[in-house]
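The values are calculated or read from the model by the stated rules, or taken from the named source; none is laboratory data. All values derive from a computational prediction rather than experimental measurement. Please note: Cβ atoms are built from the backbone with ideal geometry, for glycine as well, and neighbour counts cover all protein chains shown.
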Amino acid sequence: MSERLRRWRLILGGGDGSDADGTGAELSGMDAKRDATLDALYGGEKKRGGLGGSAPRVARWLGDIRGYFPASVVQVMQRDAMDRLGLRQLLLEPELLDAVQPDVHLVGTLLSLNQAIPERSRETARAVVRQVVDELERKLAQPTRQAVSGALHRAGRTSRPRAADIDWNRTILANLRHYQPAHRTVVPERLVGYGRRLPQVSREIVLCMDQSGSMASSVVYAGVFGAVLASVRSLRTQVVAFDTAVVDLTDLVTDPVELLFGVQLGGGTDINAALAYCQTRVDNPRDTIFVLISDLYEGGDNDEMLRRAQAMVASEMQVVCLLALSDDGAPAYDHDNAAALAALGIPTFACTPDQFPDLVAAAIQRDDLTTWAGNNDIQLAAPPEEG
């Protein structure tokens, strides 16, 4: 059998007979096993539920696909299995949780089932979430701390530093035109250094995240970033989650797993109530970066929500709206509200986890975030056209 015919046979499936797919090809060995796992999931309406709703059988199937396919394909098949075969409730079984390939989407599913997880499965579920969170922290912590700490230092530079705070490399660069050949030295007219305020809190950041079901991946990433940002001494970090109620998770921010289990995915959305709460938690608007992470499908008072957003901008708070904080591709969102926020001067766009550290750094330095987004090829929500 040619490689091309083999691939087509695996793509099309065999149906009820070897010629049902039109190839007339028979598979054997590992290919036959791969085909069986694919057929259990994608084999048509009459075969849906072909895993029998049996936890042991599903556990074996999950183990099989991890042996037959790469991790990226396994994650896609697991998500499809949840949708096509209704495996969400079966994920509450410990043996299934041990068999799955952990990823951000699985964590989102577990968080949405949080209240339904039986006691016998709770520790296994936490272990799965911990594994994903630890992996994300290893990937995201260093670039985030590096970008944020560098931005805080740059924002704290002063032209009148104390002797111990002089940044000699930057001072020399800033005064090269004053080089004295006869003395073979630079006579600095302007010193560059860091202010004494850096060990203290110099910026505040509020992550206000929509915990409706469609924002699951964004909530996972925001929780991890909240924990990383909280570890930067010069930054005061608050994390707030909301649906129709508002939950302040700031006290849990040092442990992202506990923070995520404090989230209740699903339910409605009241952005206005969330903004109202966060306004009471901000002491210094000019030194605060407010990040709203939401698809903007408002279920509360929409007009009042926009008035609150306008008031936050008027207070000189840096406000940015992330329609998603994930790698899931272009998000669905309320285009009218996105355009309305953009008209208020609030940069509104989707952001990937890799871009988020640089976004925070740019905000700390009070860079124009609209320009920053354009320089990073990020599509911004546009204000409504006049007329």
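Of 341, 292, which residue is more than 20 Å from the chain's Cα centre (by Cα), assigned by TED's automatic domain parsing to the domain that holds residue 217 and aliphatic (A, V, I, L, M)?
Details: 292 fails: more than 20 Å from the chain's Cα centre (by Cα).
Result: 341 is the single residue among 341, 292 that is more than 20 Å from the chain's Cα centre (by Cα), assigned by TED's automatic domain parsing to the domain that holds residue 217 and aliphatic (A, V, I, L, M).
Filter region 371-387 down to residues that are modelled with pLDDT under 90 and farther than 16 Å from residue 332 by Cα, then give me how many there are. Give the derivation first.
Looking only at region 371-387, we keep the residues that are modelled with pLDDT under 90, and these are 382-387.
Next cut, farther than 16 Å from residue 332 by Cα only: 383-387.
Qualifying residue count for the region: 5.
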So, in region 298-330, exactly how many residues are over 18 Å from residue 370 (Cα atoms) and either touching a helix residue (DSSP H, G or I) at 6+ places or on another chain (Cβ under 8 Å) or buried (at least 19 other Cβ atoms within 10 Å of the Cβ) (or both)?
13
Can you find a residue in region 308-316 that is in a loop (DSSP other than H, G, I, E, B), hydroxyl-bearing (Ser, Thr, Tyr) and within 17 Å of residue 226 (Cβ to Cβ)?
no
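Could we say that residue 336 is closer than 23 Å to residue 204 by Cβ, out of contact with any strand residue (DSSP E or B) (no Cβ under 9 Å at 6 or more places or on another chain) and acidic (Asp, Glu) here? Spell out the reasoning first.
Working: closer than 23 Å to residue 204 by Cβ: no; out of contact with any strand residue (DSSP E or B) (no Cβ under 9 Å at 6 or more places or on another chain): yes; acidic (Asp, Glu): yes.
It is false that residue 336 is closer than 23 Å to residue 204 by Cβ, out of contact with any strand residue (DSSP E or B) (no Cβ under 9 Å at 6 or more places or on another chain) and acidic (Asp, Glu).
Out of curiosity, is residue 76 surrounded by fewer than 17 Cβ atoms within 10 Å (Cβ to Cβ) and under 24 Å from residue 328 (Cα atoms)? Step through it out loud before you land on a result.
On the way: surrounded by fewer than 17 Cβ atoms within 10 Å (Cβ to Cβ): yes; under 24 Å from residue 328 (Cα atoms): yes.
Against the criterion (surrounded by fewer than 17 Cβ atoms within 10 Å (Cβ to Cβ) and under 24 Å from residue 328 (Cα atoms)), residue 76 qualifies.
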Looking only at residues that are touching a Pro at 6+ places or on another chain (Cβ under 8 Å) and not in a helix (DSSP H, G or I) in region 121-179, which one is modelled with the lowest pLDDT?
167
